[in-house]
Each structure stands twice: as C-alpha cells, then as structure tokens.
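Asker: Can you read through this structure? Questions will come right after.
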Amino acid sequence: MNQAIISSSPGYNNLTYEVTIVKQMNTPFQGVGTGANLNQDNRGATEGNWNTGYQTVLKNLIDGLSSLEDMPERTNLRHILQIWKAHTFMTLTDTYGDIPYTEAGRGYIDGLVFPKYDSQESIYTSILNDLEAAVQGLDASKDAIGQEVMYSGNVEQWRRLANSLLLRAGMRLSKVDPTAAASYASKAVSGGLMMSNDDNAVVRHNADYRNNVGTSINGGQGPFYYLDQDFVDFLQANNDPRLTSIGVRYIGALSGNDQVEANANRDFDAQVGMPQGYDNTTIIPIVAEAGLTSLFDYTQLDRSRMGSPEAPNFLVTYSQTLLLWAEAAFRGWAPGDAEQLYQDGIRAHMEQMALWGSNTAISANDIDAYIAAHPLEAGKELELINTQYWVSSFLNGHEAWSNFRRSGYPLVNPNPFTGSDLKSEDFIRRLTYPDAELTVNKANIDIATSRMGPDILDTRVWWDVKQ
C-alpha cells in the first residue's frame with residue numbers, strides 16, 4: 001500500500017506534457033524534453049504515467065487486493081486499496097483513453113499477459129461504483145490500518161477522500177452525461193468531503209523518498225524549465241501573491257551556471273514568463289525584445305522551495321474539492337453557496353502554500369485582500385471557478401490538464417509552434433500509448449483504437465466531448 005502511494009508522485013514527464021499543455025511551465029529545448037513545448041509526440045515521455053501506473057502502483061495495489069480475497073475481515077484495508085486504485089486508474093484513463101482495466105495487473109496471478117483494453121466509459125462506471133462502495137463500507141469499528149503513510153489509518157479521512165474523488169470523477173462527466181454528473185456530485189457532497197488542508201491526499205518526501213520533479217530540476221534538468229508566460233501574466237494581472245511563493249528569476253543569467261542564489265530575484269514585478277512556440281534558437285530575438293540577457297533569465301519554479309527534492313506532491317486537495325463543489329453548486333447539482341465555496345477554495349490553496357515550507361506561506365492579510373478583490377462575477381462563474389482550479393492544481397499537471405479539457409478553462413492561447421504533430425486540435429487531448437505496448441499487445445490496441453479513435457495526440461477521450 002505505502003509503496004503504491006509513494007510511487008504516485010508525478011514524474012518528470014509531468015513537465016514534458018501535462019504542465020506544459022496547460023501553459024504553466026515551458027522549455028525551449030528539444031531532445032528528451034520534446035513534448036508539449038513543441039506539440040510533438042515523444043513516446044519516450046508519453047509512456048511515463050503508463051509505466052509508473054502499471055508497473056509499480058497498480059502492481060502493488062492489485063497484488064494487495066488479491067491477497068485479501070481470503071481475508072473478508074479486512075474490509076477497511078480492501079476499501080482503502082480500492083480508493084487508491086480508483087485514483088490511479090483515473091489518472092491512466094484520463095491520460096490515454098481506453099486502457100487495460102479488468103485484466104490489468106493479472107499477469108502473475110492469472111497469466112493474462114496480453115490484457116484487453118476496456119472502454120473509458122466502462123472504466124468510469126467501475127471507478128464510481130468502487131468509490132461509492134468504499135464510502136459505504138469503511139467502518140472505524142472494523143479492522144485497523146496501521147503504518148499507512150497517507151492518513152495514518154484514519155478511516156474517516158479515507159472516507160472523505162473517497163467522496164472527494166467521487167466528486168472529481170462525477171464532474172468529469174459534465175459534458176458527456178450531465179445528469180450522471182449531477183447525481184454523483186450530490187452524492188459526494190452529502191457523503192462528506194474534505195474538511196480542511198489536513199485532509200489533502202499528499203505524498204510527502206524526504207532524503208530517502210525524493211520528489212521526482214524536484215530531483216530532476218535540481219540536477220541536470222535545472223536550466224531547462226521556466227514558468228510559462230500565460231501563467232505569470234495571469235498571476236501578475238490579478239496581483240496574486242502566490243507568484244512570489246512559486247517563482248524566482250536569476251537576473252542576468254547567461255547559462256545554467258549563473259542560476260545561483262546570488263542572482264536570485266523573487267520580487268513580484270521582476271518575474272517574466274517564457275512564451276511558448278519557440279525553440280532555443282528562435283526564442284533569441286524574443287528574449288531581446290523582453291529586455292532579458294538570455295533565455296536563462298526567464299522566471300523559473302523556485303528549486304529551493306516548491307521545486308525542492310523534498311517538496312510534497314499534492315494529488316487531491318481541499319482547495320480543488322471546494323472549487324469543484326462551487327461549480328456543482330452553481331450548476332444546481334449540489335447544495336451550497338457557490339460564491340462562498342469559490343472564496344473558500346481560493347483561501348484553502350493560499351493557505352496550502354505554507355505546507356511547502358514557511359518561506360512559501362502567504363499572509364492572512366494578503367489572502368483576505370486577494371479574495372476581496374476577486375468576487376465570483378455574475379456571468380463568468382464557470383470561467384472564474386475553473387481558472388482558480390488551474391492555479392490550485394499547479395504542479396499536479398494531470399489534474400490541471402484533465403479539468404482544462406473538461407471545462408475549457410482557463411482561456412489560454414494555443415501553442416503556436418509551427419512543427420506541431422497536432423492534426424485537427426489546438427491543444428493535446430490525450431497522450432499516446434507506449435511503443436513497447438504497441439509491440440507486444442498491438443492486437444488489443446487495434447481494438448481500442450477502432451472504438452476510441454486513432455492513437456494520436458488529437459483524439460479525445462470519452463468524456464472530453466467537443467462542444
């Protein structure tokens with residue numbers, strides 16, 4: 001169980017694709033870093049979620065569930081494993097579309113080494129059923145769960161996570177099946193959602209279990225990634241205090257060697273985001289127009305704070321949950337005051353910033369001032385709620401990207417790079433299957449693509465209905 005949780009932290013491919021697709025970060029460099037920065041299909045990177053999800057996380061979860069088949073008294077442990085399995089499969093199916101589900105992870109147990117691909121619709125039905133069963137089945141009077149790294153075995157916190165995931169999964173259906181989305185949102189809210197940042201589903205890191213992204217950008221990948229222009233511009237235009245907790249600019253840097261603390265500037269007005277659409281050669285005149293010394297002078301994720309190797313990874317948060325609830329309330333799908341929930345969701349994320357460390361904390365006065373200046377404006381409710389969700393999901397690229405595809409927000413311009421692999425869409429809608437899977441399980445992939453659409457970046461997953 002613990003290995004499955006720890007291994008769920010996003011990898012470096014989270015930067016290569018998801019975080020870049022939603023225009024929060026960017027790199028002008030090609031090679032192994034090629035991905036959403038150029039809207040190209042780099043299968044050495046698109047396979048990241050697949051490999052981690054199937055080879056590590058689900059292997060542990062499915063083995064654990066199999067071992068419990070003859071232990072009916074371990075109902076709480078079974079439901080906890082099912083909750084994390086639901087979270088993992090949501091990540092995988094939202095990334096790729098149709099994937100192995102019913103036969104996944106059964107190679108050693110049942111000899112199913114060429115698993116069939118299930119439709120995303122059927123996978124979501126099963127995920128939602130498992131989450132509902134967990135909500136109903138968890139019972140603090142039954143088997144205790146010891147030495148568990150997420151909630152230390154607190155059954156009520158796991159129940160609140162299950163309901164929060166039920167809300168997330170239900171809201172994914174808002175375009176494809178609004179009636180079902182409304183039903184699940186109502187059930188999730190009535191069942192009891194996360195109540196504070198203490199309920200966040202977070203993977204904590206230390207010197208022994210290091211943050212994958214933080215380890216990469218504090219190593220050889222340090223000079224490669226920058227905050228995106230759209231993200232920085234949005235934060236600056238809205239006088240958002242989170243920018244000074246997230247970013248740092250190394251003034252006058254001519255190379256990665258100059259990105260040192262002596263050159264660091266974290267002032268709000270000094271930050272400059274890097275525009276998409278350029279490689280490390282074509283961006284040179286753009287750098288000059290911006291008055292910067294070189295491309296290494298753009299604002300980066302602060303590697304000493306939120307980007308450190310020991311920084312936590314937040315996978316499901318109180319803030320995200322409140323903002324989804326705000327949308328459900330606005331749509332009339334769940335009880336609650338949409339504006340109050342919207343404000344509480346912003347506050348929760350700004351308070352969450354302190355959980356990366358005291359040097360990322362935002363003062364109560366700054367939080368109050370921001371919320372007072374950003375009401376839920378009539379006629380723009382969905383845009384405002386989901387744009388805040390985008391900010392709240394920073395560094396959880398998968399969730400920011402999934403909600404962007406579902407909601408259509410934030411309103412950002414497509415990457416204008418001229419060498420794009422996109423054929424019909426403005427943004428990447430899914431990632432492609434791994435080359436290894438195409439080699440060993442092509443027959444089942446062919447069935448999946450005949451149902452879903454071609455194995456390209458443009459193909460929309462089932463719930464991502466074009467409107």
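Rule-based calculations on the coordinates, nothing more; no lab input. As the structure is a prediction and not an experimental result, all values here were calculated from the model. Every residue, glycine among them, receives a Cβ derived from its backbone with ideal geometry; neighbour counts consider all protein chains shown.
Asker: Tell me, what is the FRET efficiency for ASN257 and ASP435 to the nearest 0.05, using R0 = 41 angstrom and their Cβ-Cβ distance as r?
Answerer: 0.70
Asker: Let me ask you something else. Any idea what the dipole of the chain comes to, in debye rounded to 20, about its Cα centre with Lys/Arg Cβ at +1 and Asp/Glu Cβ at -1?
Answerer: 480 debye
Asker: Given 0.36 nm per residue, what is the gain on full extension from ASN413 to ILE286 after removing their alpha carbon distance, in nm?
Answerer: Going from the current span to full extension adds 44.0 nm.
Asker: Which of the pairs LYS175/LYS380; LYS442/LYS466; LYS59/LYS187; LYS59/LYS116; LYS85/LYS466 have their Cα atoms more than 20 Å apart in this structure?
Answerer: Details: LYS175/LYS380 18 Å; LYS442/LYS466 28 Å; LYS59/LYS187 30 Å; LYS59/LYS116 17 Å; LYS85/LYS466 28 Å.
Beyond 20 Å between Cα atoms: LYS442/LYS466; LYS59/LYS187; LYS85/LYS466.
Asker: Something else: To the nearest 10 degrees, how steep is helix 397-407 against the longest Cα principal axis of the chain, on a 0 to 90 scale?
Answerer: Tilt relative to the chain: about 80 degrees.
Asker: Once you have the Cα-Cα distance between LEU382 and ALA354, take 0.36 nm times their residue separation minus that, and quote the gain in nm to one decimal.
Answerer: Details: separation 28, 0.36 × 28 = 10.08 nm, distance 2.73 nm.
So the extension gain works out to 7.4 nm.
Asker: Then there's this: How big is the stretch 221-301 in terms of Cα radius of gyration and Dmax, in angstroms?
Answerer: Reported Rg and Dmax, both Å: 11.8, 33.
Asker: Mind listing the long-range amide H neighbours of MET25? Cut-off is under 5 Å, sequence gap 5 or more, other chains count too, H placed in the peptide plane at 1.01 Å from N.
Answerer: Those lying under 5 Å, H to H, from MET25 are THR20, ASP228.
Asker: Follow-up. If you count, for each residue, the other Cβ atoms within 10 Å and average over each peptide, how do 117-126, 199-208 line up from highest to lowest?
Answerer: My ranking of the peptides, most packed first, is 117-126, 199-208.
Asker: Where does each of 432-439, 228-235, 349-356 land if you order them by average Cβ count within 10 Å, highest first?
Answerer: 228-235, 349-356, 432-439
Asker: Convert each backbone phi in the stretch 177-188 into a coupling constant with the Karplus relation 6.51 cos²θ - 1.76 cosθ + 1.60 (shift: θ = phi - 60°), then list the ³J(HN,Hα) values in order as whole Hz, x for Gly and Pro.
Answerer: So the Karplus estimates, Gly and Pro as x, are 7, x, 5, 5, 4, 4, 5, 5, 4, 4, 4, 5 Hz.
Asker: May I ask for the distance between the Cα centers of the stretch 396-425 and the stretch 66-80, given as a whole number of Å?
Answerer: That distance is 40 Å.
Asker: Between GLU156 and ASP267, what is the label-point separation in nm under the 7 Å Cα-to-beta-carbon projection?
Answerer: Once both label points are built, they end up 4.9 nm from each other.
Asker: In addition: Order these peptides, 25-38, 451-464, 370-383, 47-60, by their mean beta-carbon neighbour count within 10 angstrom, highest first.
Answerer: Packing proxy ranking, top to bottom: 25-38, 47-60, 451-464, 370-383.
Asker: Per residue of the stretch 330-342, what does 6.51 cos²θ - 1.76 cosθ + 1.60 with θ = phi - 60° give for ³J(HN,Hα)? Whole Hz please, x for Gly and Pro, Karplus curve as stated.
Answerer: Result, rounded to whole Hz: 4, 6, x, 8, 8, x, x, 8, 4, 5, 5, 5, 4.
Asker: Going toward the positive end of the dipole of the chain, with +1 on Lys and Arg Cβ and -1 on Asp and Glu Cβ, which of ASN441, SER402, PRO414 do you reach last?
Answerer: Farthest along the dipole direction, towards plus: ASN441.
Asker: With θ set to phi - 60°, apply the Karplus curve 6.51 cos²θ - 1.76 cosθ + 1.60 along the stretch 229-244 and write out the HN-Hα couplings as whole Hz, x wherever there is a Gly or Pro.
Answerer: Karplus values, whole Hz, x for Gly and Pro: 4, 4, 5, 5, 4, 4, 5, 5, 4, 9, 6, 8, x, 5, 4, 6.
Asker: To the nearest 0.05, how large is the calculated FRET efficiency for ARG204 and ASP279 if R₀ is 35 Å and r is the Cβ-Cβ distance?
Answerer: 0.45
Asker: Can you list residues whose amide H is under 5 Å from VAL316's amide H, if they're 5+ apart or on another chain and H is modeled 1.01 Å from N?
Answerer: Hits under the 5 Å cutoff: ALA201.
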